[in-house]
Amino acid sequence: MEGRKQVIIVGLGNPGKEYVMTRHNIGFMVLQTLASKMGISLKENKRFGAAFGKGSYKGVSCHLVMPLTYMNLSGQAVRQVVDYYKLDADDVIVVVDDVALPFGAMRLRDKGSAGGHNGLKSIEQHLGTREYVRLRMGIGEKVRGDLTDHVLGQFSASERQKLPAFVELGVAATLRLLQEDPDQVMQDVNTKIKTNDQQPREARQEKSNETE
């Protein structure tokens, strides 16, 4: 990622008013905040099947993508943008929710499995690779009930108070990836999880999100 002149930043979520503030849409939240900071307007692009905007950040051309195909088909939009701009999978950064991480924790990886997340499964299928950057935003494990109800549910009152700051952390980590050595960014982001005693058990990693 270091030295790239172009990058595709994807925020995952579901379109529609009923999903706006749900846990599953934290990827949308980060991307919308990022677009605002960059002065980029996100508009529906039917070719891509996404809300899309283009701008630059410190010399890097940034293509911001919010798939409007619902979570399970997110990879369609990502593939369309990759092909249109003739870029590669390693030019892609995906911001996504993760139920295997506590709320407020982040995990940054430059490759890996979808971990049960249907949005990542779709992206992997359409790109034909697992080697793309993903920033996982912790939304907390379900305590009781159905997992789908959890990820499509609202944040708690206490979480909503902390949500803007958490979203800003996601934005900051994404912006760092545009300018800094990705290994250093990963080390910083992932070390904070361990430092705060928020490291998820290894057994949890491969069962992240079962999603709609």
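What follows is calculated from the coordinates using simple rules that are stated; it is not laboratory data. Note that the coordinates shown come from a computational prediction; the quantities given were computed from them, not determined experimentally. Heads up, the Cβs are rebuilt from the backbone with ideal geometry, glycines too, and the neighbour counts pull from every protein chain shown.
Quick query: amide H of Ser61 versus all other amide H atoms, modeled in the peptide plane; which residues come in under 5 Å with a sequence gap of 5 or more or a different chain?
Those lying under 5 Å, H to H, from Ser61 are Gln6, Val7.
Can you compute the FRET efficiency between Gln187 and Glu141 using 1/(1 + (r/R0)^6), with r the Cβ-Cβ distance and R0 = 25 Å? Round to the nearest 0.05. Display every interim value, and only then the final one.
Numbers: r = 25 Å, r/R0 = 1.00.
So, using R0 = 25 Å, E works out to roughly 0.50.
Pop out the ³J(HN,Hα) list for the stretch 12-21 in order, Karplus 6.51 cos²θ - 1.76 cosθ + 1.60 with θ = phi - 60°, rounded to Hz; leave Gly and Pro as x.
After applying 6.51 cos²θ - 1.76 cosθ + 1.60, I find 9, x, 10, x, x, 4, 5, 9, 3, 10 Hz.
Can you give the % of DSSP beta bridges in the chain that are antiparallel, to the nearest 5?
Antiparallel bridges: around 50 percent, rounded to the nearest 5.
Applying 1/(1 + (r/R0)^6) with R0 = 35 Å to the Cβ-Cβ distance of Lys43 and Glu159, what FRET efficiency is obtained, to the nearest 0.05? Spell out each step's value before the answer.
Details: r = 30 Å, r/R0 = 0.86.
That gives a FRET efficiency of 0.70.
In whole percent, what relative contact order does the stretch 67-124 give with Cα contacts below 8 Å and a gap of six or more residues?
Values: 34 pairs, mean separation 34.3, N = 58.
RCO, the stretch 67-124: 59 percent.
Extension gain Lys5-Thr148, at 0.36 nm per residue separation less the Cα-Cα distance, in nm?
Values: separation 143, 0.36 × 143 = 51.48 nm, distance 3.81 nm.
Here the segment from Lys5 to Thr148 would lengthen by 47.7 nm.
State the Cα centre-to-centre distance between the stretch 54-89 and the stretch 10-52 in whole Å.
Taking the Cα centre of the stretch 10-52 as reference, the centre of the stretch 54-89 is 12 Å away.
Sort Leu178, Leu135, Leu87, Leu12 by Cβ crowding within 10 Å, fewest neighbours at the top. Don't skip to the end; give the middle numbers.
On the way: Leu178 20, Leu135 26, Leu87 17, Leu12 31.
Ascending number of Cβ neighbours within 10 Å: Leu87, Leu178, Leu135, Leu12.
Can you tell me the relative contact order of the chain? Whole percent, Cα pairs under 8 Å, sequence separation 6 or more. Kindly include the intermediate steps, with their values, before the conclusion.
Working: 432 pairs, mean separation 57.2, N = 212.
Relative contact order for the chain comes out at 27 percent.
Can you compute the helix-only [θ] at 222 nm over the chain? Use -39500 (n - 2.57) per DSSP H run of at least 4 residues, normalise by all residues, nearest 500 deg cm²/dmol. Display every interim value, and only then the final one.
Values: 7 runs with 78 residues, N = 212.
Calculated from helices alone, the mean residue ellipticity at 222 nm is -11000 deg cm²/dmol.
Work out from phi, with θ = phi - 60° and the Karplus expression 6.51 cos²θ - 1.76 cosθ + 1.60, the ³J(HN,Hα) of each residue of the stretch 166-174, listed in order in whole Hz, and give x for Gly and Pro.
Once rounded to whole Hz, the list reads 5, 4, 4, 5, x, 4, 4, 5, 5.
For the stretch 1-41, what are Rg and Dmax over the alpha carbons, in angstrom?
Rg then Dmax for the stretch 1-41, in Å: 12.3, 39.
Hey, can you grab everything whose amide H is under 5 Å from the amide H of Phe155? Only 5+ residues off in sequence or another chain; H modelled, so Pro and N-termini drop out.
Arg23
Test of the criteria: in the stretch 1-65, which trypsin sites (Lys or Arg not before Pro) are in a DSSP loop and have at most 12 other Cβ atoms within 10 angstrom of their Cβ?
Working: sites: Arg4, Lys5, Lys17, Arg23, Lys37, Lys43, Lys46, Arg47, Lys54, Lys58; in loops: Arg4, Lys5, Lys46, Arg47, Lys58.
Here the trypsin sites (Lys or Arg not before Pro) that fit, given the DSSP loop and packing criteria, are Lys5, Lys46, Arg47, Lys58.
Which chymotrypsin sites (Phe, Trp or Tyr not before Pro) does the stretch 22-120 hold that lie in a coil by DSSP with at most 15 other beta carbons within 10 Å?
Numbers: sites: Phe28, Phe48, Phe52, Tyr57, Tyr70, Tyr84, Tyr85, Phe103; in loops: Phe48, Tyr70, Tyr85, Phe103.
Those that pass, being in a loop and sparsely packed, are Tyr85.
Rounded, prolate or oblate: pick one for the stretch 59-186, where a ≥ b ≥ c are the square roots of the eigenvalues of its C-alpha gyration tensor, a/c under 1.5 means rounded, and failing that, prolate if a/b is larger than b/c, else oblate. Display every interim value, and only then the final one.
Details: a/c = 1.92, a/b = 1.34, b/c = 1.43.
Taking the square roots of the gyration eigenvalues as a ≥ b ≥ c, the stretch 59-186 is oblate.
Given R₀ = 22 Å, FRET efficiency for Lys58-Asp83 by Cβ-Cβ distance, to 0.05?
On the way: r = 26 Å, r/R0 = 1.18.
With a Förster radius of 22 Å, E is 0.25.
With +1 on the Cβ of every Lys and Arg and -1 on the Cβ of every Asp and Glu, and nothing else charged, how large is the dipole of the chain about its Cα centre, in debye rounded to the nearest 20?
On the way: 29 positive and 26 negative charges, 81 e Å.
Computed about the Cα centre, the dipole is about 400 debye.
In the Gaussian network model of the chain, springs joining C-alpha atoms below 10 Å, which of Gly138, Gly16, Gly119 carries the largest mean-square fluctuation?
Of Gly138, Gly16, Gly119, the Gaussian network model singles out Gly16 as fluctuating most.
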